[in-house]
1. Quick check on residue 137: is it within 23 Å of residue 92 (Cβ to Cβ), out of contact with any helix residue (DSSP H, G or I) (no Cβ under 7 Å at 6 or more places or on another chain) and either surrounded by fewer than 22 Cβ atoms within 10 Å (Cβ to Cβ) or touching a residue at least 24 places away in the same chain (Cβ under 8 Å) (or both)?
2. With the condition kept exactly as written, say whether any residue in the range 7-22 is modelled with pLDDT of 80 or more and over 30 Å from residue 143 (Cα atoms).
3. Restricting to the range 117-151, and then to whatever is within 12 Å of the chain's Cα centre (by Cα) and at pLDDT below 90, can you tell me which residue is farthest from residue 169 (Cα to Cα)?
């Protein structure tokens, strides 16, 4: 009986030690990764030698595959996810490892949401844009010239750096121009002087500030042939 009790105490101490080792691993990992859940997957793979089959539970599946793809440095694991989840998984690997080679694995032609959505973006372009914003390297805005990707990249970069001059990098297309960027920056920085650089979007830029500040005098800055001029006066004029 005494031997059984001693054996039980030894096993209890060993089990407590194992638990402590795991907790220590998870706590140290979480300080680096900023995600306790990620570290639990990392422990399962690196210490317990489990594989991606542990991702079967539906509600955790996406985060699980994303985590294990990073742990194993294997973007093929992302292919177990569907469409946008798969490409988002690969993009996260590019950002995690600071390696745009992963961006190149994403095919062209896939877009967020509806094709009619104004700011729909190609996943490959989105990968380069997020990489550019993360690293602060604006040259990556030119890597994938698809649709409005370059505009979106420079527009986001201008906001990140709070620097309207970045808008000058944008070439005019049928859809966008640097004027849109300046108009966006005018609103973002609350700087009405930037409306003068807003080109074709200048009427809307002044309309925005006039209606926001309820300053009917600003309506006079809108060209007479613009529909925004009449709208501006109509919106702000005193009610009788």
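1. Values: within 23 Å of residue 92 (Cβ to Cβ): yes; out of contact with any helix residue (DSSP H, G or I) (no Cβ under 7 Å at 6 or more places or on another chain): yes; either surrounded by fewer than 22 Cβ atoms within 10 Å (Cβ to Cβ) or touching a residue at least 24 places away in the same chain (Cβ under 8 Å) (or both): yes.
It is true that residue 137 is within 23 Å of residue 92 (Cβ to Cβ), out of contact with any helix residue (DSSP H, G or I) (no Cβ under 7 Å at 6 or more places or on another chain) and either surrounded by fewer than 22 Cβ atoms within 10 Å (Cβ to Cβ) or touching a residue at least 24 places away in the same chain (Cβ under 8 Å) (or both).
2. Yes, the range 7-22 contains at least one residue that is modelled with pLDDT of 80 or more and over 30 Å from residue 143 (Cα atoms).
3. 123
The values are calculated or read from the model by the stated rules, or taken from the named source; none is laboratory data. Fair warning: this is a prediction, and the values are worked out from it, not measured in the lab. Backbone-built Cβ (ideal geometry, glycine too); neighbour counts: all protein chains shown.
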